[in-house]
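Engineer: Mind having a look at this structure? Questions to follow.
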């Protein structure tokens, strides 16, 4: 499958799954482990940015700040991104 299609249809699936959630519901913990829907979406978004940076790196098309941060400390990356 084409990477752009994966990102496009993944995004559409995510949007459909959260359609109708209130802001309060998005912050309610325990959706997956102790994470809220908002934290799960932040996790997905941060890793999608890493993927975008990886693809940019293949094309040598510019800076890859999110990938650089991930590679610098991958263990802390997720927590830092979700807390933003």
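The values are calculated or read from the model by the stated rules, or taken from the named source; none is laboratory data. Quick caveat: nothing in here was measured; it's all calculated off a predicted structure. Cβ sites come from the backbone with ideal geometry, for glycine too, and all protein chains shown count toward neighbours.
Engineer: Is it the case that segment 1-11 has a residue that's within 20 Å of residue 83 (Cα to Cα) and under 17 Å from the mean Cα position of the chain (by Cα)?
Structural biologist: No, segment 1-11 has no match at all.
Engineer: Looking at segment 35-45, is at least one residue over 13 Å from the mean Cα position of the chain (by Cα) and loosely packed, with under 13 Cβ neighbours inside 10 Å?
Structural biologist: no
Engineer: Those residues that are within 16 Å of residue 48 (Cβ to Cβ) and part of a helix (DSSP H, G or I), I need them from segment 69-84; list them, please.
Structural biologist: Selection gives 69, 70, 74, 77, 78, 80, 81, 82.
Engineer: Can I ask one more? I need the full set of residues from segment 2-26 which are loosely packed, with under 10 Cβ neighbours inside 10 Å and not in a helix (DSSP H, G or I), in order please.
Structural biologist: Within segment 2-26, 2, 19, 20, 22 qualify.
Engineer: Next question. Within segment 27-51, work out how many residues are outside any loop (DSSP other than H, G, I, E, B) and free of Cβ contacts under 8 Å to residues at least 40 places away in the same chain.
Structural biologist: Going through segment 27-51 one residue at a time, the tally reaches 12.
Every residue, every condition in (1) out of contact with any helix residue (DSSP H, G or I) (no Cβ under 7 Å at 6 or more places or on another chain); (2) surrounded by 12 or more Cβ atoms within 10 Å (Cβ to Cβ); (3) at pLDDT below 90; (4) under 27 Å from residue 17 (Cα atoms), yes or no:
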residue	(1), (2), (3), (4)
52	yes, yes, yes, yes
60	yes, no, yes, no
63	yes, no, yes, no
69	no, yes, no, no
76	yes, no, no, no
